[in-house]
1. Can you tell me which residue among A116, A85, A76, A107 is in contact with a Leu (Cβ under 6 Å, 6 or more places away or on another chain) and either among the charged types (D, E, K, R) or under 23 Å from M161 (Cα atoms) (or both)?
2. Sort out which residues of segment 37-58 are over 17 Å from R77 (Cβ atoms) and part of a helix (DSSP H, G or I), and write them in order of number.
3. In segment 82-128, what residues are touching a Pro at 6+ places or on another chain (Cβ under 9 Å) and either free of Cβ contacts under 8 Å to residues at least 24 places away in the same chain or assigned to a loop (DSSP other than H, G, I, E, B) (or both)?
4. List every residue pair whose Cβ atoms lie under 7 Å apart, where the two residues are 6 or more positions apart in sequence or sit on different chains, the first residue falls within segment 35-47 and is touching a residue at least 24 places away in the same chain (Cβ under 8 Å), and the second residue, located anywhere, is of a type in the set (K, R) and not in a loop (DSSP other than H, G, I, E, B).
5. Looking at segment 19-36, which of its residues are under 15 Å from the mean Cα position of the chain (by Cα) and either part of a loop (DSSP other than H, G, I, E, B) or of a type in the set (D, E, K, R) (or both)?
6. I'm checking my understanding of the structure. Among residues of segment 67-90 that are of a type in the set (S, T, N, Q) and buried (at least 18 other Cβ atoms within 10 Å of the Cβ), which one is nearest to V5 (Cα to Cα)?
Amino acid sequence: MAFQVEYTGKVWKFGNSISTDLMMPGSIVLAKKLSEEEGAQYCFSANRPGWTDEVKPGDIIVAGTNFGCGSSRNGARMIQLNGIAAILAESTSRIFLRNSINIAMPALWCKGVFDAFDEGDTAYLNLETGEVKNLTKGTSLEAEAWPSDSPPMQILRAGGMFPFIQRMMIERGMVHSDADSTATKDGTGVSNSIEAG
């Protein structure tokens with residue numbers, strides 16, 4: 001999904017302390033050595049069976065506190081592969097927040113957001129201003145904004161951590177872009193067209 005500052009989408013609600021183990025169940029995804037795409041179909045299979053069949057690209061998760069707690073496995077990637085565009089949570093674990101930013105998926109903290117939405121409502125959010133609206137109910141909140149010059153926004157604009165580092169290295173003359181080669185991208189969005197200078 002291309003970078004954007006504003007998001008509007010259908011809300012899926014999840015409660016407090018939703019673990020990365022629920023997003024990426026190790027007993028299935030890791031034990032069977034599944035690819036990211038294969039593993040994504042098991043996201044939330046233990047607590048929300050059938051969710052991956054219902055979620056649509058552009059939908060938004062609204063969650064309680066400590067969303068993404070647990071292990072360091074990249075549950076954010078499993079959510080993103082199912083089409084979720086952004087996450088609004090009372091709070092997230094720090095590592096989940098970092099993983100989300102690294103793959104260019106916004107995850108904003110917003111006090112009161114859990115009670116402000118019902119599942120199926122339509123949410124609007126603006127990353128730079130922190131404005132959050134429940135378009136179904138006509139109510140609004142304020143999330144912790146990410147100003148345009150903040151590190152999270154710089155990484156999001158670049159398309160994730162790897163493209164961000166790639167761009168920085170090119171700008172500093174540490175590597176050059178091979179314009180003549182066909183650039184390909186893997187699941188992390190990293191271009192394979194960079195060569196050492």
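1. Values: A116 fails: either among the charged types (D, E, K, R) or under 23 Å from M161 (Cα atoms) (or both); A85 fails: in contact with a Leu (Cβ under 6 Å, 6 or more places away or on another chain); A76 fails: in contact with a Leu (Cβ under 6 Å, 6 or more places away or on another chain).
None of the other options fit; the residue is A107.
2. If the condition is that a residue be over 17 Å from R77 (Cβ atoms) and part of a helix (DSSP H, G or I), then D53, E54 are the ones that fit.
3. N82, G83, I84, A85, A104, P106, L127, E128
4. Pairs found: E36/R77.
5. Answer for segment 19-36, where residues must be under 15 Å from the mean Cα position of the chain (by Cα) and either part of a loop (DSSP other than H, G, I, E, B) or of a type in the set (D, E, K, R) (or both): M24, E36.
6. Taking segment 67-90 as the starting set, the residues that turn out to be of a type in the set (S, T, N, Q) are 71-72, 74, 80, 82.
Checking which are buried (at least 18 other Cβ atoms within 10 Å of the Cβ) leaves us with 74, 80, 82.
Numbers: N74: 23, Q80: 17, N82: 20 Å.
Looking at residues that are of a type in the set (S, T, N, Q) and buried (at least 18 other Cβ atoms within 10 Å of the Cβ), I get Q80.
Here is a yes/no grid of residues against (1) of a type in the set (S, T, Y); (2) closer than 16 Å to I18 by Cα; (3) in the same structural domain as K111 (by TED's automatic domain parsing); (4) modelled with pLDDT of 95 or more:
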{"site": "A31", "(1), (2), (3), (4)": "no, no, yes, no"}
{"site": "Q41", "(1), (2), (3), (4)": "no, no, yes, yes"}
{"site": "R48", "(1), (2), (3), (4)": "no, yes, yes, yes"}
{"site": "W51", "(1), (2), (3), (4)": "no, yes, yes, yes"}
{"site": "G58", "(1), (2), (3), (4)": "no, no, yes, yes"}
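The values are calculated or read from the model by the stated rules, or taken from the named source; none is laboratory data. Keep in mind the model is a prediction, meaning the values are calculated, not measured. Ideal geometry is used to build each Cβ from the backbone, glycine not excepted, and the neighbour counts take in all protein chains shown.
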